[in-house]
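The values are calculated or read from the model by the stated rules, or taken from the named source; none is laboratory data. For clarity, every value in this text was computed on a predicted model and none was experimentally measured. Here the Cβ positions follow ideal geometry from the backbone for every residue, glycine too, while neighbour counts run over all protein chains shown. Just the protein is used for accessible areas: all its heavy atoms, side chains included, with ligands, DNA and RNA removed. Shrake-Rupley method; radii C 1.70, N 1.55, O 1.52, S 1.80 Å.
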Amino acid sequence: MFPLLTQLRGEFPDFTVRGYQDDVSASIPSPLQDYETGRKANSFVSRSEQLFASVGMPLNRSKCAVAHRESRDDNNASDQVTRAQSFKLVGIPISVSSAFHVECCTKILKKVKAVLDAAKELCREIGSKATAVALTIVRVSALTIPIHFYRNVLPTIKSTTGQGNLLGKTAVFERQCIAPAVLDILQDKITDAEEMKKFCRRLGLPVHAGGLGLPMPLDVWAPAYLGASRHLLEFGLSRPDLDKVLALGANVKDWPKDEAALKAVGKDKPQHELVCLLKEHNFNTNPAVKDSVVAPNIISAMLKSDPVSVTRQSNRHEVDRAMIADHLGRPAFSDAAGVCPICSEKHSRTVAMKGWSHAVVCPCLRGDAKVQRHDAIRDEVIRTLKEEGVAARPERWLTPKSAEAKHPLRPYRVRMDVEVRPDEGGVKPVIDIVCSDYVSDARADKVKQYQHFNVDMVPAVVSSSGRCAPWKAGGVPWPERLVEMKLLDNAAKDRLVDRVFVANWKWQCRAIVDWLTQAQAARERAAAAGQDIVSE
């Protein structure tokens, strides 16, 4: 990217050109109503497209926008470069419109709620043995979704109703969604509003203080925004309205009171330092949270994000759940590396893993949970296509006798997950679903499977986090590829992304429980044979 940015800076000296990973932005102080400014913006996009193409990097014009703060634009879209006042850059909402930020916040919290609901459903259907896994999902998956939003969006933005701000909106979300989800997992409830507020603050405390160690929004948002602001100060950049966020911690000991004090915070982990100050304040001002009956190290071991550690605990899951509830007064998590007992048993050697994510992609896992996850995602793709009037059907085999076969005498066969417009002639679009964290390998495997057939195959890779991966190296996420192919519009694409996310998590939770059960059985068989395939 650097040589390309240098070239653009030389050809467009009026623009300030910046690059972030595979995204480029350019700014100019001139008003957009100035025709020359609009013409230069169009030329910048066209020239960028040429330069990127010269090194094999296609530019996605559908994601390009000329952003402005004017009351109207210049109507200069001859090069089809969209004019916009509200947009997203690297996934972060950029706008002067409070309504746009509130809309983005609502969408993000909706995704958080989807994962919380999946964790609750897991415990309802499986029982108490899923408690530790469900709480791990809440911490490492659900509550980490908004972190980039927190770092870049002012928490004091007023809501569109004129009542409260975004921080207040998430405070309500804590009390109405996050805390009840945790209580549901523990088969408990709190009815008193004030007790619920205290419980929310306790959930964010570290385990040694009797908490759960969750990144609760009220504990994280201001520190995240100030932490990012601290890094910007290193480059001489100051954010507007910074004083409003600094004022949120006015009663917190050692909290920075102005820009100079913020710059004095350590630059390595400013967010972490500020979160610790806030949590220490919560601990000292809420004596009730200091009473922890269960030893913190027991809870910590029980709730490590590595599922192997859970299988080392008592098989009496009802007791485990009661211990966690007792500890909270009515857990902490640490990442840990280990080995997979299921894979190790099958291959007669130690097979390393790290964290719960292995559980959902474990190649040696038996049962149909992984298949159901795959099929649920496939069904959501078909449903969304049909809503847009695009014919689609599942599961048809391509064989040497198929019309699509390039070499009728070669014995290759593959089953299409989604065949689009099956009754039309020509080269048909095909969508093939694969759930994997190894995106490049998964894509390459699909390309190899389809190389003997004349179809336009889109490898639809979905990661364990529910993210839709790029359809090719340097390409757009595969739902956006369906937009490029004119199978979906942007609104349908957004619906599909949300549906894939929910379907992934619903069945992924069950895959985790299957893994826990089979891992425990593998460890017991190894122990009976005098083997120790799982390192302590």
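Just to confirm a number: summing +1 for Lys and Arg and -1 for Asp and Glu over residues other than residue 233 whose beta-carbon lies under 10 angstrom from that of residue 233, what do you get?
+2
If you count only protein heavy atoms and use a 1.4 Å probe, how large is the accessible surface of residue 1, to the nearest 10 Å²?
70 Å²
What FRET efficiency comes out for the pair residue 70/residue 158, r = Cβ-Cβ distance, R0 = 22 Å, nearest 0.05?
With R0 = 22 Å, the Cβ-Cβ based efficiency is 0.45.
Using a Cα-Cα cut-off of under 22 Å, which lysines could be cross-linked to residue 40, ignoring same-chain neighbours fewer than 8 residues away?
Cα-Cα hits under 22 Å: 63, 88.
So, in Å, what gap is there between the alpha-carbon centers of segment 12-45 and segment 355-417?
43 Å
Please give the solvent-accessible surface of residue 462 in Å², to the nearest 10, using a probe radius of 1.4 Å with every protein chain present.
Residue 462 exposes around 0 Å² with every protein chain in place.
Would you list the P(r) distribution for segment 400-504, with all Cα-Cα distances sorted into 5 Å bins from 0 and each bin expressed as a whole %?
Final binned percentages: 2, 12, 21, 24, 19, 12, 7, 2, 0.
Roughly what would the spin-label model give for residue 193 and residue 2, points 7 Å off Cα along C-beta, in nm?
5.7 nm
Can you put 28, 342 in order of accessible area, largest first, using a 1.4 Å probe?
Numbers: 28 45, 342 10 Å².
Correct descending sequence by accessible area is 28, 342.
Return the carbon/sulfur percentage of the accessible area of segment 165-246, one whole number, probe 1.4 Å, all protein chains in place.
55 percent
At most 14 other Cβ atoms within 10 Å and a DSSP loop assignment: could you name the chymotrypsin sites (Phe, Trp or Tyr not before Pro) in segment 397-454 that fit?
Answer by residue number: 438.
For the pair residue 393/residue 244, report the inter-label distance in nm, with labels modelled 7 Å from Cα in the Cβ direction.
Roughly 5.7 nm, to one decimal.
Taking the simple approach of a point 7 Å from Cα along Cα-to-Cβ for both residue 251 and residue 267, what is their distance in nm?
Distance between the two pseudo-spin positions: 3.4 nm.
Expressed as a whole number of Å, what is the distance separating the alpha-carbon centroids of segment 157-209 and segment 255-284?
22 Å
Could you give the length gained on full extension between residue 36 and residue 9, defined as 0.36 nm per residue of separation minus the Cα-Cα distance, in nm?
Length difference between fully extended and current span is 7.9 nm.
So how far, in whole Å, is the C-alpha centre of segment 484-511 from the one of segment 436-456?
Segment 484-511 and segment 436-456 have Cα centres separated by 20 Å.
Looking at segment 129-190, which trypsin sites (Lys or Arg not before Pro) are in a loop (DSSP not H, G, I, E or B) and have at most 14 other Cβ atoms within 10 Å?
189
Whenever you get a sec, line up 6, 37 from highest to lowest accessible area (probe 1.4 Å, protein heavy atoms).
Values: 6 70, 37 10 Å².
Ranked list, largest accessible area first: 6, 37.
Residue separation times 0.36 nm, minus the C-alpha to C-alpha distance between residue 404 and residue 366: what's the value?
Between residue 404 and residue 366, full extension yields 10.3 nm more.
Loop only per DSSP, at most 15 neighbouring Cβ atoms within 10 Å: give me the chymotrypsin sites (Phe, Trp or Tyr not before Pro) in segment 185-277, ordered by residue number. Intermediate values should be presented prior to the final figure.
Working: sites: 199, 221, 225, 235; in loops: 235.
Listed in order of number, the matching sites are 235.
Can you list residues whose amide H is under 5 Å from residue 67's amide H, if they're 5+ apart or on another chain and H is modeled 1.01 Å from N?
84
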